[in-house]
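Input: a single structure, listed below in C-alpha cells.
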Amino acid sequence: MQLKQELVQQIQSIIATAKDRAIRSVDTERVLMYWQIGKVILEEEQDGMERAGYGEFLIKSLSKTLQPKFGSGFSIRQLEMCRQFYRVFPITNALRSQFSWTHYRTLIRIDNPDKREFYIAEAEKNNWTARQLERQVNSQLFERLLVSNDIKAVLAIAREEKLPSDAKEIIKDPMVLEFLGLKREVGYYEKDLEKAIITHLQDFLLEIGNGFSFVARQKRIHIEGDEFSIDLVFYNRLLQCFVIFEIKTNKLTHQDIGQLQMYVNYYDRFEKQEFENPTIGILLCADKNDAVVRITLPETNKTIIASKYQLYLPTEQQLIEEMKKELDKLDNAENIS
C-alpha cells in the first residue's frame, strides 16, 4: 500500500499553517510585552521627573536587574526602544496584529508623524515583511514620492482614500534598484539590466509601486512589416492601464522619447480595451535632461514619464538635493511659460 500524495500534502499544509500561527502568536505577545514595559517605564519616569537624571538611572538600573535573569532582550538600548514604542503608540488599538516587533523597531525610528503614518498604511495595505518595510524606509520612498506630489496626496493614496488619477502620483523619480546587484563602475548593457529586473521581479514590483502586475518581456509588435521589441510590459489595476517600460543605460535622447511614444500609440490603438485608460510609457534611464523631455513632449502630456534609476540606496542628503533640483526645474519651467 502507498500513501496518497494529496493526503501527505494536506497534512504538511496543516502543520505549516499551525507553525506559522504559533510564530505569529509568539511575536504578537512579544510586541504587547514590549509595549507594556514601555508604558510602565514612561509612567514611572514621568512620576519622577523632578529628580534630575531619574530617567537615565531608571533604564540603567532596570537593565542591570533584568538582563542576568532574562537575557540581552532587556539591554539599555532595548528598554529605551520599549519606552519610545509606547511614546509613539500610546493606544493599543493603534497596534497592527500583522506587524512584528521588527516592523515596530523600524517605525519608531521615524520622527515625522506624516512619514510614519505613510509607512504604516503602505506596510499594512501591501502586507510588507519587516525586511521590505526597512528597505522602503532606507530607500527614502516617502521623500521620492514627494518630489512630484504634496503630502496630502501621498497620504490619501496610501490610506486608500483616493485612487491615483495620474501616473506621477505613484511613479518614483529616481527609482532605486540596489537589489539588482549591478555595480555602477562596471559596464553593462540594456539587456543586462532587463535580465536583472526579471531575475528580481518581485523586488522590482515592490519598487515601482502599488497595483502593478507583469505582462511581458521583449514584447514583439509588427507595424507594416517592421518588427519592434518592447522591453517590459506591465498592467496597473489602480490606473487601469498598460504600463510600458523602455530601458536606457545611457543619457536619455529625444529619439528615445519618440520610440516610446510609438509603442504607447500602438498599445492604445491595438491592445487597449474601451474601458481601459490610455497606456503609460516610462523611460527608465541612467540620466536625463528634464528640459529636453518637456520640450519633446506636448504640454498636456500625462502618458510619457522619464525616471532615472540608481543602483544604490540614496542618503537623506542626496534626496534633499534631488528635491531642490526638481523644485528649481519647476520654477524655471513656470518662468519660461
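Pick from segment 231-272 the residues that are basic (Lys, Arg) and either touching a Lys or Arg at 6+ places or on another chain (Cβ under 8 Å) or free of Cβ contacts under 8 Å to residues at least 24 places away in the same chain (or both): which of them is surrounded by the most Cβ atoms within 10 Å (Cβ to Cβ)?
Within segment 231-272, the match that is surrounded by the most Cβ atoms within 10 Å (Cβ to Cβ) is Lys251.
Please go through segment 242-267 and give me each residue that is in a strand (DSSP E or B), out of contact with any Cys (no Cβ under 6 Å at 6 or more places or on another chain) and not hydrophobic (A, V, I, L, M, F, W, C), ordered by number.
Glu246, Thr249, Asn250, Lys251
If you take the residues of segment 205-221 that are free of Cβ contacts under 8 Å to residues at least 40 places away in the same chain and more than 24 Å from Ser165 (Cβ to Cβ), which of them is farthest from the chain's Cα centre (by Cα)?
Arg220
Condition first: touching a residue at least 12 places away in the same chain (Cβ under 8 Å) and assigned to a helix (DSSP H, G or I). Can you find one or more residues in segment 273-289 that meet it?
Among the residues of segment 273-289, not one is touching a residue at least 12 places away in the same chain (Cβ under 8 Å) and assigned to a helix (DSSP H, G or I), which makes the answer no.
If you take the residues of segment 69-84 that are surrounded by 11 or more Cβ atoms within 10 Å (Cβ to Cβ) and among the hydrophobic types (A, V, I, L, M, F, W, C), which of them is modelled with the lowest pLDDT?
So, considering only residues that are surrounded by 11 or more Cβ atoms within 10 Å (Cβ to Cβ) and among the hydrophobic types (A, V, I, L, M, F, W, C), the one modelled with the lowest pLDDT is Phe74.
Within segment 13-68, restricting attention to residues that are among the aliphatic types (A, V, I, L, M) and within 19 Å of Asn93 (Cα to Cα), which residue is modelled with the lowest pLDDT?
Per the stated criteria, the residue is Val26.
For segment 222-241, which positions are outside any strand (DSSP E or B) and under 25 Å from Pro164 (Cα atoms)?
Arg237, Leu238, Leu239, Gln240
Please enumerate the residues belonging to segment 146-194 that are in contact with a strand residue (DSSP E or B) (Cβ under 9 Å, 6 or more places away or on another chain) and among the basic types (Lys, Arg).
Lys168, Lys172, Arg184, Lys191
Only one of Ile282, Ile295 is buried (at least 16 other Cβ atoms within 10 Å of the Cβ) and either at pLDDT 90 or above or not hydroxyl-bearing (Ser, Thr, Tyr) (or both); which?
Ile282
Ala158 is checked against (1) closer than 26 Å to Thr279 by Cβ; (2) in the same structural domain as Cys285 (by TED's automatic domain parsing); (3) under 14 Å from the mean Cα position of the chain (by Cα) and fails just one. What number does that condition carry?
The single condition Ala158 does not satisfy is (2).
Output the residues belonging to segment 89-100 that are closer than 19 Å to Leu42 by Cα and either buried (at least 17 other Cβ atoms within 10 Å of the Cβ) or small (Gly, Ala, Ser) (or both).
If the condition is that a residue be closer than 19 Å to Leu42 by Cα and either buried (at least 17 other Cβ atoms within 10 Å of the Cβ) or small (Gly, Ala, Ser) (or both), then Phe89, Ala94 are the ones that fit.
The values are calculated or read from the model by the stated rules, or taken from the named source; none is laboratory data. Quick caveat, the model's predicted, so the values are computed rather than measured. Counting neighbours? That spans all protein chains shown, and the Cβs are built from the backbone with ideal geometry, glycine included.
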